[in-house]
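Trainee: Shown below is the structure under consideration.
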Amino acid sequence: MTTGATIQERVDNVDIALDTMFLLVFGIFIYLMQAGFAFLEAGAVRSKNTVNILIKNALDSFFGGVSYWLFGYAFAYGEGNVFIGFSHFAHTGLTHTGYAHWFFQFVFAATAATIVSGAVAERCDFMAYIIYSTCVTGFIYPVVSHWAWSDGGWLSRGDIYEIDGQMVQIGYHDFAGSGVVHLLGGTVAFVGAYIIGPRLGRFDENGKPIEIRGHNIPYAALGGFILVFGFFAFNGSSSGSITKPGDEESVASAVVNTVMAASGGAFITLLLKRTHTFGDSKWSFLTTLNGSLTGMVSVCAGCHAYRTYCGFFVGLCGGLMYLFINWAVLKMQVDDPLDATAVHFGGGVVGAFAAPLLTFETGVFYNWNKASVLYLGWQVAGMIAIFLWALTLSILVFGLLKKAGILRVSEEYEMKGLDLPKHGEAAYPAEAYGHGWGDDQNTTTIRGLAKNSIGPMTTVIVVQEVPVDRPKTQEAEHPEVTALNKIRKQELLKNGPVETQPGTSDSGTWS
Amino acid sequence: MTTGATIQERVDNVDIALDTMFLLVFGIFIYLMQAGFAFLEAGAVRSKNTVNILIKNALDSFFGGVSYWLFGYAFAYGEGNVFIGFSHFAHTGLTHTGYAHWFFQFVFAATAATIVSGAVAERCDFMAYIIYSTCVTGFIYPVVSHWAWSDGGWLSRGDIYEIDGQMVQIGYHDFAGSGVVHLLGGTVAFVGAYIIGPRLGRFDENGKPIEIRGHNIPYAALGGFILVFGFFAFNGSSSGSITKPGDEESVASAVVNTVMAASGGAFITLLLKRTHTFGDSKWSFLTTLNGSLTGMVSVCAGCHAYRTYCGFFVGLCGGLMYLFINWAVLKMQVDDPLDATAVHFGGGVVGAFAAPLLTFETGVFYNWNKASVLYLGWQVAGMIAIFLWALTLSILVFGLLKKAGILRVSEEYEMKGLDLPKHGEAAYPAEAYGHGWGDDQNTTTIRGLAKNSIGPMTTVIVVQEVPVDRPKTQEAEHPEVTALNKIRKQELLKNGPVETQPGTSDSGTWS
Amino acid sequence: MTTGATIQERVDNVDIALDTMFLLVFGIFIYLMQAGFAFLEAGAVRSKNTVNILIKNALDSFFGGVSYWLFGYAFAYGEGNVFIGFSHFAHTGLTHTGYAHWFFQFVFAATAATIVSGAVAERCDFMAYIIYSTCVTGFIYPVVSHWAWSDGGWLSRGDIYEIDGQMVQIGYHDFAGSGVVHLLGGTVAFVGAYIIGPRLGRFDENGKPIEIRGHNIPYAALGGFILVFGFFAFNGSSSGSITKPGDEESVASAVVNTVMAASGGAFITLLLKRTHTFGDSKWSFLTTLNGSLTGMVSVCAGCHAYRTYCGFFVGLCGGLMYLFINWAVLKMQVDDPLDATAVHFGGGVVGAFAAPLLTFETGVFYNWNKASVLYLGWQVAGMIAIFLWALTLSILVFGLLKKAGILRVSEEYEMKGLDLPKHGEAAYPAEAYGHGWGDDQNTTTIRGLAKNSIGPMTTVIVVQEVPVDRPKTQEAEHPEVTALNKIRKQELLKNGPVETQPGTSDSGTWS
């Protein structure tokens, strides 16, 4: 409380405090989506590339933070022209309420960047990742958010039309970013996946896809739950304030429609898989999860202004689009391990298109008139512009990375896994498993088997070599091991040493 | 800020904005409890049923969202009579502050439904789950919340009594739902577990329980942490507002008492297990975790109005009740894999009973008078009414599902696991594990062993067949594998093919 | 809204409501850091000690809750002298806004305590843990927070100096606790690790460290993400209010600088490892994660008052300090499994030192004058006082525990793992893994191997004995198992029974 302040000043202050808290709390929620994407992706890759995908997701927000601080925010929300902003580089001249705004916009930028990592998972080189990720958060995304979300952007401004004798401003509207975040991120993801090429063994000689399963569905589920949690904030807080008239209704509607759209997307995908329309007549968890994510992406653009049934319907359309794009991407023999294209591009297209149609009272379906049709026109124009921008820039970035030969890891690394040679860390080091209390209640995982996964159709006896720094006397407690050893050692070990050691440092190139 | 608004209007607006934000932020916290239950349950089942329990928990909120939208909210908070409401079906006529209220009430409804999934885990069919879950969120729970939490409900209204010459309204009070949410959910869970029958092998011929361990304690721990996090909001926000006089004290007390009750429940269970009073003289994590959860359930009903020592004491009683009900349920040979009955029914009874006794200044222990005793009477009446309602309805639902033969999966599916035949997805597909860098730092998990877990006391050599789509030339790099192959192949493979394939689609029934 | 209240009263009420909500929401965020530490630590220990570390982290907040309720808060924020407070024991006389304040201060206390558990992981006895944890939350930390954060503390008061003819109060400033929480927690952690001694096999005869890898990097990553999430609140909310003039700028700056410092810490550690300056020229995830955590610890003390570039720079210095302390601790042959000393002590020192240097406009680097130098002096004095206090008290506590012979588990328990003998619960019970659908898509983990990890360089055939309570007729479905059994049973099992059973209850001592 300000001592001596007038009531007027105090209420002004409360408004600012409440809006600041709103931006920060919801921004922190949205930040957690980084963990959501990380675990969704970690669950969907093989164990040998788990550390690789986790560090990429963790660093997305750190590299993104720095590039968005240095120039991203300036391009997006600086003073400038209709195309790009250019003030507030490195926070110069930021006003005191600007910091909360920066943080809030930054978590959206980080989300756009993190979408891409799934599409190029298990084969993208680390240096290439740093470069494309910095480009997305620092330039590709900020420019589009300037167009659509800053006051001066050409999409946000639109144009002024005479309707019924009144001058009306009509432009592109995208409340929480179906187009700005997801269509953009999904396009970059698709281009990345296309240019980098499919993972080894993803398609057979006839181009038929061979499924490569992820190693841990509970991680994917954890990621999914966190993403739903985050989407409530992502969609709910896009008004950017809670104290302006109508804000509290916008925010609440956005949250409710997010529940509805997730449900719609989940239902239709669950149903179509189960009824064998798409898929194999199972109740597929991963498909349903992606369906619900696509639903939430789809509802972004107009979630504050839909009636509840429209929220559900938009999610349902999103789910359908997911199944279609998923099919089409595979048909094109593009390997997008996380379905980032289907979820984000697919959902983004549905979402940006649905807003002018279904917005309550003013949408085309409620009110077919000059204004609503012009809004639809602007929306389509905006989608095309965003798509072309993302397409061009990402072809440039990924094309140059490929040209430079630093886009993709070596074939050997890809086959054997990225975690050890690139990061020196196995996700689950075998030596850390097991206990000494007999086999009563233990799980043990076995090393020494990995090498066997190379040859086709090999049948092996599992063997292990465990160098452990412990007193020899322990051995006496385990006569059965010694006994087994005596029998097997000569028989098995004469086949040569079973280890192949990864290099402890790689070739010296920065990759 | 509203331009031209009076100070009065602006302060009104701030109150609405703040309360809306309060409902949404805490509602989003509470939503995360879905993830908490999901991981608590995923950790407590066997790996073969992990996807099954995860998809159920994920869909709880989606099916629940739709049924609570279409009719659940109408039954609970619509205009109606003392027993049930019947307006606002499918959000018709919802006012602009209604959306936040709907979301906030929905997350409570979803919690009530999700309690049940644990009790029927590892054997409940998917179609049956969809049906009972929809019934709980759409009807069973909403009616009780109408009784106790809507202005017009008969429990909420209670009756008017003449006390010391004044007319006083006394009824059932349940701040955060010890009775409304947990006693109800726990009752439905118990009936479900009772009617569906125990998992195969849960009790021996003499009815002695045989422990079936869950596959992953860290998942259970993650679930537990998330549930504590969620309970702060669940208990803290049940005032439904933060701007009314006294709200900020209620909310803060509720959060503090939640810490205390969790501690009390944890302490007593930890101690009684360790001292061999109950259990096996270990510091059991799972028991302590359930003790703390029961403590938080127990404190719900009066957490806003207890002194801190009462919060601790109520949690302690909850922990004791947990141990007792846990014992009693097993004695009845009912198999409740997640102890949902002990945690939620047990905690719910303690909680609803404790509120009229320990509420500061007005409870029976502070002030034994006509008013406090009448309050106690209403509280007992409310508990009995909620219990009978939940009992009857759930016997009906689960009884009919059993009659229809769609309640439980086939014995074969139950033994071999639900994930593959029902969902087509293994939680940890073996093919996704291992790497090619020798056995230096790897964990590998082995397939081909599952089949061996069928026969009693079998001893097997672990073998594996790995069809991998890779160039033959790779094999040369691994001479030791080839060597092993030559030796072992004839010797082992003549014992017949080691695979048995699960059907790729099930019988065509919708189950 | 208060009926009949004046506008003045209503605005007062809104301020209180908003501040209460601010404390509670951010406090709940901070509470989740308990889960963050739990998973960071669970990932960093071996599977045989996973339940042990999880229960310790879970109970930290419960034991801490009770001891902070009974006396911790009284020592910290009670009325008293400059050294310690002594009112409000067990919440007596707490005013109605006191509960939110208590909760908010409690989550900080719990954080201080939980830092220690990592440093003594895998060998600290459970009873010893309960004792030291209670001491930290109940006394060691509260006294220091009284010095620095209560109005009456000697560090908070500092002294009054005549500067340019004006009397100016200058003292120790530590916005979010670089010194109060982290330097203190890190010191206690180091002393604990030093007195308890290294894990068996951590150093060879020449004192050269041998790496003991943790069992699950995804858990560590989950912990890391949650900690970043929590640090936004930890740093952001340390103003303790959002409605005072300047609060919203402090809070937003703190959040932004937390992003920056995490980035700075991550960058420098990533770079120095990769370039072989420190480490092995890999992109190490765990080092980068610790670097970012140290960055966030470092920025605590002045995060509300730094320009963004200073936030980044402080994080960068934190990362450097992490690498140095990490090296120094190993050089001293102290085994700190979680690098708690490097992260918290190292980061804490950097942080407390950086604040008087870099605080915008008044720091030494901006304005070298008597006031800024005196501030620096007080800061150094405060750091030394906190360090000496934590050092003395923790030497006393851990020394006495060691003297009493209850600090460390037995050598047998340490080698074979703590989970089974102390808690009766394996993190991943083998019997809970596998399914019956053939080896198509399964992962199975194998028991019976643990015993083999005892002998040095043993080579074994993996065998398993699976007693399963199932009808014999099932066996017929798996002829290959039977076939294998016949061949192998005589051959292998004559080597003697493979189980060694852990005692089902331990020695009867309370340990």
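The values are calculated or read from the model by the stated rules, or taken from the named source; none is laboratory data. What you see is a predicted model; the values in this text were computed from it and never measured. Methodologically, a virtual Cβ is constructed for each residue, glycine included, from the backbone with ideal geometry; neighbour enumeration extends over all protein chains shown. The accessibility values were calculated without ligands, DNA or RNA, using every heavy atom of the protein model including side chains. Shrake-Rupley method; radii C 1.70, N 1.55, O 1.52, S 1.80 Å.
Trainee: Condition check: crowded, with 24+ Cβ neighbours inside 10 Å, of a type outside the set (A, V, I, L, M) and within 17 Å of the chain's Cα centre (by Cα). Does A:G265 satisfy that?
Mentor: No, not satisfied.
Trainee: With without any contact (Cβ under 8 Å) to a residue 40 or more places away in the chain and over 18 Å from the mean Cα position of the chain (by Cα) as the only criterion, which of B:S150, B:S156 stands out?
Mentor: B:S156
Trainee: Assuming B:I163 fulfils every condition listed in (1) out of contact with any Asp or Glu (no Cβ under 8 Å at 6 or more places or on another chain); (2) modelled with pLDDT of 95 or more apart from one, which condition is it?
Mentor: The single condition B:I163 does not satisfy is (2).
Trainee: Checking C:Q441 against (1) under 30 Å from B:K48 (Cβ atoms); (2) at pLDDT 90 or above, which single condition isn't satisfied?
Mentor: Unmet for C:Q441, out of (1) under 30 Å from B:K48 (Cβ atoms); (2) at pLDDT 90 or above: (2).
Trainee: Only one residue in C:G192, C:G165 is more than 7 Å from chain A (Cβ to nearest Cβ) and surrounded by fewer than 21 Cβ atoms within 10 Å (Cβ to Cβ), so which one is that?
Mentor: Being more than 7 Å from chain A (Cβ to nearest Cβ) and surrounded by fewer than 21 Cβ atoms within 10 Å (Cβ to Cβ) holds for just one of C:G192, C:G165, which is C:G165.
Trainee: If I filter region A:168-189 down to residues being under 16 Å from A:V299 (Cα atoms) and part of a loop (DSSP other than H, G, I, E, B), which single residue comes out as most open to solvent (accessible area, probe 1.4 Å)?
Mentor: It comes out as A:H173.
Trainee: On to the next question. Kindly indicate whether B:F324 is under 24 Å from B:F231 (Cα atoms), touching a helix residue (DSSP H, G or I) at 6+ places or on another chain (Cβ under 9 Å) and either of a type outside the set (A, V, I, L, M) or not in a helix (DSSP H, G or I) (or both).
Mentor: Considered against the rule, which asks whether it is under 24 Å from B:F231 (Cα atoms), touching a helix residue (DSSP H, G or I) at 6+ places or on another chain (Cβ under 9 Å) and either of a type outside the set (A, V, I, L, M) or not in a helix (DSSP H, G or I) (or both), B:F324 comes out as yes.
Trainee: Separate question: Within region C:279-302, is there a residue that is basic (K, R), in contact with a helix residue (DSSP H, G or I) (Cβ under 8 Å, 6 or more places away or on another chain) and over 19 Å from C:F229 (Cα atoms)?
Mentor: Taking every residue of region C:279-302 in turn, at least one turns out to be basic (K, R), in contact with a helix residue (DSSP H, G or I) (Cβ under 8 Å, 6 or more places away or on another chain) and over 19 Å from C:F229 (Cα atoms).
Trainee: Condition first: open to solvent by less than 10 Å² (accessible area, probe 1.4 Å), assigned to a helix (DSSP H, G or I) and of a type in the set (S, T, N, Q). Now tell me which residues in region A:217-252 satisfy that.
Mentor: Within region A:217-252, A:N235 is the sole residue that qualifies.
Trainee: Could you list all residues from region C:409-419 that are at the interface with another protein chain (Cβ under 7 Å from one of its Cβ atoms) and open to solvent by 10 Å² or more (accessible area, probe 1.4 Å)?
Mentor: Residues satisfying the conditions are C:M415, C:K416.
Trainee: Only one of these conditions is not met by A:L59: (1) at the interface with chain C (Cβ under 7 Å from one of its Cβ atoms); (2) open to solvent by 10 Å² or more (accessible area, probe 1.4 Å); (3) under 21 Å from the mean Cα position of the chain (by Cα); (4) modelled with pLDDT under 95. Which number is it?
Mentor: Here A:L59 clears every test but (2).
Trainee: Then there is this: Determine, yes or no, whether C:G236 is under 30 Å from C:L18 (Cα atoms) and more than 7 Å from chain A (Cβ to nearest Cβ).
Mentor: No; evaluated as a whole, the condition is false for this residue.
Trainee: Against the definition (in a loop (DSSP other than H, G, I, E, B) and at positive phi), how does B:G214 come out, yes or no?
Mentor: no
Trainee: While we're looking at this one, here's another question. Is there a residue in region B:362-376 that is open to solvent by less than 20 Å² (accessible area, probe 1.4 Å) and under 14 Å from B:L183 (Cα atoms)?
Mentor: no
Trainee: With the condition kept exactly as written, say whether any residue in region A:292-300 is open to solvent by 30 Å² or more (accessible area, probe 1.4 Å), within 20 Å of A:G351 (Cβ to Cβ), outside any loop (DSSP other than H, G, I, E, B) and of a type outside the set (S, T, Y).
Mentor: For region A:292-300, residues open to solvent by 30 Å² or more (accessible area, probe 1.4 Å), within 20 Å of A:G351 (Cβ to Cβ), outside any loop (DSSP other than H, G, I, E, B) and of a type outside the set (S, T, Y): absent.
Trainee: Still on this model: Which of the following residues is in contact with a Pro (Cβ under 7 Å, 6 or more places away or on another chain) and in contact (Cβ under 8 Å) with a residue 12 or more places away in the chain: C:Y219, C:Y194?
Mentor: Criteria check complete, one pass: C:Y219.
Trainee: Could you check, for region C:268-278, whether at least one of its residues is touching a residue at least 60 places away in the same chain (Cβ under 8 Å), in contact with a helix residue (DSSP H, G or I) (Cβ under 7 Å, 6 or more places away or on another chain) and buried (at least 24 other Cβ atoms within 10 Å of the Cβ)?
Mentor: no
Trainee: Also, I was wondering about something else. Which numbered condition trips up B:N367, out of (1) closer than 30 Å to B:Q169 by Cα; (2) in contact (Cβ under 8 Å) with a residue 12 or more places away in the chain?
Mentor: Condition not satisfied by B:N367: (2).
Trainee: Same structure again: When you check B:Y141 against the structure, is it within 18 Å of B:S241 (Cβ to Cβ), of a type outside the set (A, V, I, L, M, F, W, C) and crowded, with 24+ Cβ neighbours inside 10 Å, yes or no?
Mentor: It is false that B:Y141 is within 18 Å of B:S241 (Cβ to Cβ), of a type outside the set (A, V, I, L, M, F, W, C) and crowded, with 24+ Cβ neighbours inside 10 Å.
Trainee: A further question on this structure: What pairs can you find where one residue is in region A:30-42 and within 9 Å of chain C (Cβ to nearest Cβ) and part of a loop (DSSP other than H, G, I, E, B), the other is at pLDDT 95 or above and open to solvent by 10 Å² or more (accessible area, probe 1.4 Å), and their Cβ atoms are less than 6 Å apart, with a gap of 6+ or different chains?
Mentor: A:L32/A:I226
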